[in-house]
Amino acid sequence: MPPDPDAPLVRRAQRGDRLAFERLVDRHQHRLFTLAARTLGDRSEAEDAVQEAFLRAWRGLGSFRGGSLFSTWLYRICVNAAHDQRERRRAEPVETVDTAPDARDRFAERELSGQLQRALAALDEEQRRTVVLSDVLGCSYAEIAEITGVAEGTVKSRLFRARLELARLLGTGGGGAPSNE
Amino acid sequence: MADRHPDELDLLDLVEGELPRAAQGSVAAHVEGCARCSEVVRQLRAGRGALHASGVLQLSERARDGISAAIDEEPRARRFRFWEPRRLGLVVAATLVLVASAVAVAQWGGVGDEQGGDAASELAEDDGGGGDGAEGGGVEGDAQTVLPESRTDTIRVAGPAREVAAELRAEGFEARVVRGEVVVQLTGERLDEGQAPEEDRLQAVLAERGPGRVTVRVER
């Protein structure tokens, strides 16, 4: 595992240093938001999931032992928070109360209503989060395996299928996968 | 074209640059001569490129402030937990010392009372002050325990708070809205030659805004 650039801040935050944790939030907020937004396809829900993820991280900092990168640990929490958010929405659809959007909100809204997001929405949830972790956030097979709790082989298989499907849906692909004839 | 197509995941590894060196040559050569596999590789690259080009979305400042506000409402991140292995040992040790002291008192008529108590408090202090678990046995009050040498000043300026924080961030300060107040963290970092000390720059920015109802908390 490479040295964790977050380690000094994490140690301070684990001792209760709130400002150190705020800096960790600043470092990772946009990437967590991207993960949640691309997975959920809804800005407001993604914001809730990101807030929940950081809250869980703050509460659970004591259990982080540095066995993985802090970002990997955080992504795993975010994946779970986004999943829970989706389940809640399924169980009890609620109207979201939204305030006036700022420029970033509008940009995110536009991105999440575009062709790429529609293509992502056509993938199953596992494929979607795998391809976002890999192709947007640059996570390795091993990191994705740790974040999503599956074997690396499963990660590769999901990534393979997701990429071909995305290419097809976006009109940049042709046929399907080869058969081993 | 070779008789047998490579495994599909080898094609993915080829695209990702993760294929073992020994296999790279043969797989690449196959792909070059095989229309079907080269098409799959093209699609894999297209699928990756589509998302990669979309980049990272930005969380709005409003949502960012919401995270700080939510954490504000939380109690401390960690509490003293007796069952943590390192602490458990210390708690057991302290208990044994207390028991031993009580036995000594019973046997020798109260002479060891103070000593036993001191030993137990020393152990408790060791635990509170050392290493990762330095939250002082669950004592509340982050700022005092974590930043014992810190100093905090408050200034009241014209708001709104979010606008003040944004202006300070634009000037290179770490500024955040917490419970309606603007918290500025001065880093004390060495400044480039010719640049005013950060406190002077901060004062200048705040003076520009003039007095008002928004509290700016300056932490050092």
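Please find the FRET efficiency linking A:Glu125 to B:Ser26, where r is the Cβ-Cβ separation and R0 is fixed at 41 Å, and quote it to the nearest 0.05. If you can, show how the numbers build up before the last one.
On the way: r = 36 Å, r/R0 = 0.88.
The computed FRET efficiency comes out at 0.70.
For region B:49-66, take each phi angle, set θ = phi - 60°, evaluate the Karplus expression 6.51 cos²θ - 1.76 cosθ + 1.60, and give the result in whole Hz per residue in order, putting x for glycine and proline.
Once θ is set to phi - 60°, the couplings for region B:49-66 become x, 4, 6, 4, 5, 6, x, 8, 7, 9, 6, 5, 4, 4, 5, 5, 4, x Hz.
With each label point set 7 Å from Cα along the Cα-Cβ vector, what nm distance links B:Asp72 and B:Thr154?
So the two model labels end up 1.2 nm from each other.
Just rank A:Trp58, A:Trp73, fewest to most, by other beta-carbon atoms within 10 angstrom. Don't skip to the end; give the middle numbers.
Details: A:Trp58 20, A:Trp73 23.
Fewest-to-most Cβ neighbours within 10 Å comes out as A:Trp58, A:Trp73.
Between B:Arg220 and B:Arg169, 0.36 nm times their residue separation minus their Cα-Cα distance comes to what?
Numbers: separation 51, 0.36 × 51 = 18.36 nm, distance 1.62 nm.
Working it through step by step, the gained length comes to 16.7 nm.
Which of B:Leu14, B:Gln43, B:His30 sits farthest toward the positive end of the charge dipole of region B:5-60, with +1 on the Cβ of Lys and Arg and -1 on the Cβ of Asp and Glu?
Farthest along the dipole direction, towards plus: B:Gln43.
On average, how much area does the Cα convex hull of chain A cover when viewed from any direction, in nm²?
With every direction weighted equally, the projected area is 12.6 nm².
What distance in nm separates the two pseudo spin-label positions at A:Asp26 and B:Arg45, each 7 Å out from Cα along the beta-carbon direction?
4.0
Dipole size in debye (nearest 20) for region A:1-103 around its Cα centre, Lys and Arg Cβ +1, Asp and Glu Cβ -1? Show your work: numbers first, answer last.
Values: 17 positive and 16 negative charges, 123 e Å.
It comes to approximately 580 debye.
Express in nm, to one decimal, how much length is gained between B:Asp200 and B:Val103 on full extension, taking 0.36 nm for each residue of separation and deducting their alpha carbon distance. Don't skip to the answer; put the middle values down first.
Working: separation 97, 0.36 × 97 = 34.92 nm, distance 6.30 nm.
Gain on stretching B:Asp200 to B:Val103: 28.6 nm.
Hey, can you grab everything whose amide H is under 5 Å from the amide H of B:Val178? Only 5+ residues off in sequence or another chain; H modelled, so Pro and N-termini drop out.
It is B:Val183, by chain and number.
What FRET efficiency, computed as 1/(1 + (r/R0)^6) with R0 = 51 Å and r the Cβ-Cβ distance, is obtained for A:Asp102 and B:Asp7, rounded to the nearest 0.05? Could the numbers behind the result be given before it?
Values: r = 48 Å, r/R0 = 0.94.
E between A:Asp102 and B:Asp7, to the nearest 0.05, is 0.60.
Hey, what D do you get for region A:1-100 in µm²/s if you plug the Kirkwood alpha-carbon radius into Stokes-Einstein at 37 °C and 0.692 mPa s? Mind dumping the intermediate values first?
Details: Rh = 14.2 Å.
The calculation lands on 232 µm²/s.
Using only the alpha carbons of region A:114-172, determine the length spanned along each of the three principal axes and report them from longest to shortest in whole angstroms.
Projected onto the principal axes, the Cα atoms of region A:114-172 cover 30, 18, 17 Å.
Every number here is computed from the coordinates shown, using simple stated rules; none is lab data. The shown structure was predicted, so the numbers you read here are calculated from the model rather than taken from an experiment. No Cβ is skipped: glycine too gets one built from the backbone with ideal geometry, and neighbour counts run over all protein chains shown.
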